[in-house]
Amino acid sequence: MKNKKLVIFNAVIFSIIVAVFSCKKESNIETLEIEQNTLTPYNLVAPSYFPQISIPADNLLTVEGIALGRKLYYDTILSNTGLSCSSCHTQAASFTNPIINSMAHVNLGWSNKFLWNGSVEGRLEDAMLFEVEDFFNTDINKLNSNMEYRSLFKKIFKTDAVTTQQIAYALAQFIRTQISSNSKFDRYLRYETMLSSSEINGFVIYNSEKGDCFHCHSLGLFNDNQFHNIGLDSIFVGVNKGRYNVTQDPDDLGKFKTPTLRNVELTAPYMHDGRFASLEDVVEHYNSGVNLTATLDPILTKPNHQFGLQLTVQEKQDLIAFLKTLTDTAFVNNPELSEP
């Protein structure tokens, strides 16, 4: 009788232990599922001397969303010709391309006009949707038949089917992290290094009426997100009509979007058509090669610029020395921006 009670007692204890561990196992499974469905917020860090950045409420940054955008950025699955975003925007060249002269993917989170003539306007998501639907003409079926992408998109966007909008949103998240803010000049502003006398002289020229660079390439982002005719041509034909080809406004003839000067040392050739091979060529254009036309930017028609900047040989060298302080080697070598 005593043995029988002991058997029953042990059976009860065993049942309790099994039940406890079963509940614990179920609890772990539930926790795991919650963790898998939880996205990790990402805090975008930029210098205080950058403008305030606006992150759309419908596309908040997450670690997972950025990782998906990065994967897509380097994947030829977006195109039908074996190209990826990185084919035209290579990291070593500050995410531009010396062959096709594409605009650099640098600090685009602060832009609302895109491409040389600004034919795409709005949010970064709008620009990426243009890239997906119009530039790449992405075959959405390829992504929907890829189980890895299906799983990633479902986790991040909570839908069963991949859409072009979701692709654009993921790309926009990654591109917002392409922030260049650690050049020698940035370190100088943070009191971490000193500029040479030539670089200081170049900065004075840049940031004064002598050079007048700062009006269009304002400190911080080193662009103004606007369009200017800088006297490249006296007659406007085809692509050289610039912004006019978008607006059909005669006042926009010859105007192009101001490119950022961050990493400008790495982004030759220069201008929308790559007509200048070197920074020396660019400076010489402002110094002596500006064409006077009706839409020429007023800065270039000021009395002290009627015959160009008229810089001396040394002043031109100093200006270029300053421009090279905007090179951000940490940015072009950042492993978090490279191919995953």
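From the list Ile77, Ile99, which residue is loosely packed, with under 15 Cβ neighbours inside 10 Å and β-branched (Val, Ile, Thr)? Please lay out each step first, then the result.
Numbers: Ile77 fails: loosely packed, with under 15 Cβ neighbours inside 10 Å.
Just one listed residue meets the conditions, Ile99.
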Residue count, region 179-217 (criterion: touching a residue at least 40 places away in the same chain (Cβ under 8 Å) and of a type in the set (D, E, K, R)): 6
Positions within region 227-254 being without any contact (Cβ under 8 Å) to a residue 60 or more places away in the chain and under 28 Å from Val204 (Cα atoms), in sequence order: Leu232
Contacts under 6 angstrom Cβ, first residue in region 98-118 being under 13 Å from Val264 (Cβ atoms), partner surrounded by fewer than 19 Cβ atoms within 10 Å (Cβ to Cβ) and among the basic types (Lys, Arg), 6 or more apart: none
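Could you tell me how many of the residues in region 58-74 are of a type in the set (Val, Ile, Thr) and buried (at least 16 other Cβ atoms within 10 Å of the Cβ)?
Residues of region 58-74 that are of a type in the set (Val, Ile, Thr), as a first pass: 62-63, 66.
Filter once more, so that each one left must be buried (at least 16 other Cβ atoms within 10 Å of the Cβ): 62, 66.
Residues in region 58-74 being of a type in the set (Val, Ile, Thr) and buried (at least 16 other Cβ atoms within 10 Å of the Cβ): 2 in total.
Please state which one of Leu300, Leu292 is within 31 Å of the chain's Cα centre (by Cα) and farther than 30 Å from Gln178 by Cα.
Criteria check complete, one pass: Leu300.
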Residue in region 215-230 that is assigned to a loop (DSSP other than H, G, I, E, B), β-branched (Val, Ile, Thr) and either closer than 18 Å to Leu72 by Cα or not assigned by TED's automatic domain parsing to the domain that holds Leu296 (or both) present: no
Test for Leu195: is it within 19 Å of the chain's Cα centre (by Cα), buried (at least 16 other Cβ atoms within 10 Å of the Cβ) and not in a helix (DSSP H, G or I): no
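When you look at Asn223, is it polar (S, T, N, Q), within 30 Å of Arg70 (Cα to Cα) and at pLDDT 95 or above, yes or no? Can you show your working first?
On the way: polar (S, T, N, Q): yes; within 30 Å of Arg70 (Cα to Cα): yes; at pLDDT 95 or above: yes.
In short, yes.
Go through region 262-278 and report how many residues are at negative phi and crowded, with 20+ Cβ neighbours inside 10 Å. I'd like the intermediate steps shown before the answer.
Keep residues of region 262-278 that are at negative phi, which gives 262, 264-270, 272-273, 275-278.
Filter once more, keeping what is crowded, with 20+ Cβ neighbours inside 10 Å: 262, 264, 266-267.
Number satisfying all stated conditions: 4.
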Qualifying position, being among the aliphatic types (A, V, I, L, M), outside the structural domain of Thr267 (by TED's automatic domain parsing) and under 24 Å from Asn43 (Cα atoms), among Leu108, Leu143: Leu108
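Residue by residue through region 299-328, note down the ones that are under 19 Å from Pro259 (Cα atoms), at pLDDT 95 or above and not aromatic (Phe, Trp, Tyr).
The initial filter retains those residues of region 299-328 that are under 19 Å from Pro259 (Cα atoms), namely 299-300, 319-328.
Filter once more, keeping what is at pLDDT 95 or above: 319-328.
If the condition is that a residue be under 19 Å from Pro259 (Cα atoms), at pLDDT 95 or above and not aromatic (Phe, Trp, Tyr), then Leu319, Ile320, Ala321, Leu323, Lys324, Thr325, Leu326, Thr327, Asp328 are the ones that fit.
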Count - residues of region 290-310 that are under 20 Å from Gly202 (Cα atoms) and among the small types (Gly, Ala, Ser): 1
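Going by the structure shown, is Lys142 charged (D, E, K, R) and touching a helix residue (DSSP H, G or I) at 6+ places or on another chain (Cβ under 7 Å)? Walk me through it before giving the result.
Details: charged (D, E, K, R): yes; touching a helix residue (DSSP H, G or I) at 6+ places or on another chain (Cβ under 7 Å): yes.
The answer is yes for Lys142.
Could you please find all residues in region 231-254 being among the basic types (Lys, Arg) and part of a loop (DSSP other than H, G, I, E, B)? Talk me through it step by step, then tell me what you get.
Applying the first criterion (among the basic types (Lys, Arg)) to region 231-254 yields 241, 243.
The one that is among the basic types (Lys, Arg) and part of a loop (DSSP other than H, G, I, E, B): Arg243.
In this structure, does Asn223 turn out to be under 25 Å from Ala93 (Cβ atoms) and touching a Pro at 6+ places or on another chain (Cβ under 7 Å)?
Details: under 25 Å from Ala93 (Cβ atoms): yes; touching a Pro at 6+ places or on another chain (Cβ under 7 Å): yes.
Answer is yes for this residue.
Does Ile55 satisfy being under 22 Å from Gly242 (Cα atoms), surrounded by fewer than 17 Cβ atoms within 10 Å (Cβ to Cβ) and not polar (S, T, N, Q)?
no
Check Val106, Val132, Val120 and return the single one that is among the hydrophobic types (A, V, I, L, M, F, W, C) and under 14 Å from the mean Cα position of the chain (by Cα).
Details: Val132 fails: under 14 Å from the mean Cα position of the chain (by Cα); Val120 fails: under 14 Å from the mean Cα position of the chain (by Cα).
So the residue among Val106, Val132, Val120 that is among the hydrophobic types (A, V, I, L, M, F, W, C) and under 14 Å from the mean Cα position of the chain (by Cα) is Val106.
The values are calculated or read from the model by the stated rules, or taken from the named source; none is laboratory data. Everything quoted here is computed from the prediction, not taken from an experiment. Cβ coordinates were reconstructed from backbone atoms using ideal geometry, including for glycine residues, and neighbour counts include every protein chain displayed.
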